[in-house]
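Colleague: First the structure, which I've put down as structure tokens, then a few questions once you've had a look.
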Amino acid sequence: MSRSVLVTGGNRGIGLAIARAFAEAGDKVAITYRSGEPPEGFLAVKCDITDSEQVEQAYKEIEEKQGAVEVLVANAGITRDQLLMRMSEEDFTSVVETNLTGAFRVVKRANRAMLRARKGRIVLISSVVGLLGGAGQANYAASKAGLVGFARSLARELGSRNITVNVVAPGFVDTDMTRALTDAQRDVIMKQVPLARYAQPEEIAASVRFLASEEAAYITGAVIPVDGGLGMGH
Ligand code: NDP
């Protein structure tokens, strides 16, 4: 059955791969984008997730055009890496504001209709860094670890309403975000990844789609690593 899916940050990178995976399975897929031309084949809604009013408007448009969101993938995220010594308060708060509070905004708004429907699937995109930490990424790691506590609290709160809330924690994925790393940084990372390569965005998308599927109906509050073994044991 075709469901109404929303993927935040679905205009590129991992989000786009997730959006494509749902569309290929026959779902109706809305994506958010902030600027430029969004990719074709989706209901593209302009929305900055740091702005509650834009989130509200995006949901209204999606509800009107493809129905209430039944599957939400909170994927949009940013990095602003800096050693603590040089990390400004703005570096810290802007990352938390986007990655964690942004997820809160879109989840809260989706939850309304999911509660009414007594079903729903929520998947949050965290990171292996949220579990392992990362030098120069205190802001990012805090935001991504925060998503785990957020998801697990909601899994408890919403489970009796047939709403599952899970987290996917990717390792290093070949996208714009990691293309910004230096060769030296890439070499250090590769030495720690048992599978000795980056993930393709489609490999993250497959796990997200599974968590939103009927087969995953009994999985909630889980953190699924898709990290080539980098975070094993966490
Ligand atoms: P990209 O930098 O390629 O894409 C980020 C996406 O998030 C873009 O679509 C961007 O939109 C969107 N976005 C950022 N800020 C906002 C905002 N305020 N409002 C709405 N949309 C926003 O990143 P990836 O595809 O690599 O990452 C996607 C997710 O996966 C992120 O949460 C990231 O932290 C996580 N992740 C990535 C890993 C990797 O190795 N790449 C590893 C682990 C986790 P726009 O195009 O408008 O900028």
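Colleague: Give the stretch 213-234 a look and list any residue that's in contact (Cβ under 8 Å) with a residue 40 or more places away in the chain and either out of contact with any Leu (no Cβ under 9 Å at 6 or more places or on another chain) or among the polar types (S, T, N, Q) (or both), or say none.
Modeller: The answer is ALA216, ALA217, THR220, VAL226.
Colleague: Right, something else. Can you tell me how many residues within the stretch 18-30 are more than 15 Å from the ligand (Cβ to nearest atom) and buried (at least 23 other Cβ atoms within 10 Å of the Cβ)?
Modeller: Quick first cut of the stretch 18-30, residues more than 15 Å from the ligand (Cβ to nearest atom) only: 22-28.
From what is left, the residues that are buried (at least 23 other Cβ atoms within 10 Å of the Cβ) are 22.
The number of residues fulfilling the criteria is 1.
Colleague: Shifting gears a bit: Read through the list (1) surrounded by fewer than 19 Cβ atoms within 10 Å (Cβ to Cβ); (2) of a type outside the set (Lys, Arg); (3) more than 9 Å from the ligand (Cβ to nearest atom), then give the number of the only condition that SER4 fails.
Modeller: It is condition (1) that SER4 fails.
Colleague: From the set of residues in the stretch 129-139 that are over 16 Å from VAL168 (Cβ atoms) and within 13 Å of the ligand (Cβ to nearest atom), which is modelled with the lowest pLDDT?
Modeller: Looking at residues that are over 16 Å from VAL168 (Cβ atoms) and within 13 Å of the ligand (Cβ to nearest atom), I get GLY134.
Colleague: While we're looking at this one, here's another question. Name the single residue that is nearest to the chain's Cα centre (by Cα) among those in the stretch 207-219 being surrounded by 14 or more Cβ atoms within 10 Å (Cβ to Cβ) and either part of a helix (DSSP H, G or I) or among the aromatic types (Phe, Trp, Tyr) (or both).
Modeller: The residue in question is VAL208.
Colleague: Please go through the stretch 13-33 and pick out each residue that is of a type in the set (Val, Ile, Thr) and either closer than 19 Å to SER213 by Cβ or out of contact with any Gly (no Cβ under 8 Å at 6 or more places or on another chain) (or both).
Modeller: Going residue by residue through the stretch 13-33, those that are of a type in the set (Val, Ile, Thr) are 14, 18, 29, 31-32.
ILE14, ILE18, VAL29, listed by residue number.
Colleague: Anything in the stretch 145-193 that is away from the ligand (no atom under 13 Å from the Cβ) and either assigned to a strand (DSSP E or B) or over 30 Å from LEU115 (Cβ atoms) (or both)? List them, or say none.
Modeller: Taking the stretch 145-193 as the starting set, the residues that turn out to be away from the ligand (no atom under 13 Å from the Cβ) are 149-166, 182-184, 187-188, 191-192.
Across the stretch 145-193, the qualifying residues are ILE163, THR164, VAL165, ASN166, THR182, ASP183, ALA184, ASP187, VAL188, LYS191, GLN192.
Colleague: Based on what the data block shows, is GLY15 assigned to a loop (DSSP other than H, G, I, E, B), crowded, with 21+ Cβ neighbours inside 10 Å and within 11 Å of the ligand (Cβ to nearest atom)?
Modeller: On the way: assigned to a loop (DSSP other than H, G, I, E, B): no; crowded, with 21+ Cβ neighbours inside 10 Å: yes; within 11 Å of the ligand (Cβ to nearest atom): yes.
Against the criterion (assigned to a loop (DSSP other than H, G, I, E, B), crowded, with 21+ Cβ neighbours inside 10 Å and within 11 Å of the ligand (Cβ to nearest atom)), GLY15 does not qualify.
The values are calculated or read from the model by the stated rules, or taken from the named source; none is laboratory data. Please read these numbers as outputs of a predicted model, since none were measured by experiment. Backbone-built Cβ (ideal geometry, glycine too); neighbour counts: all protein chains shown.
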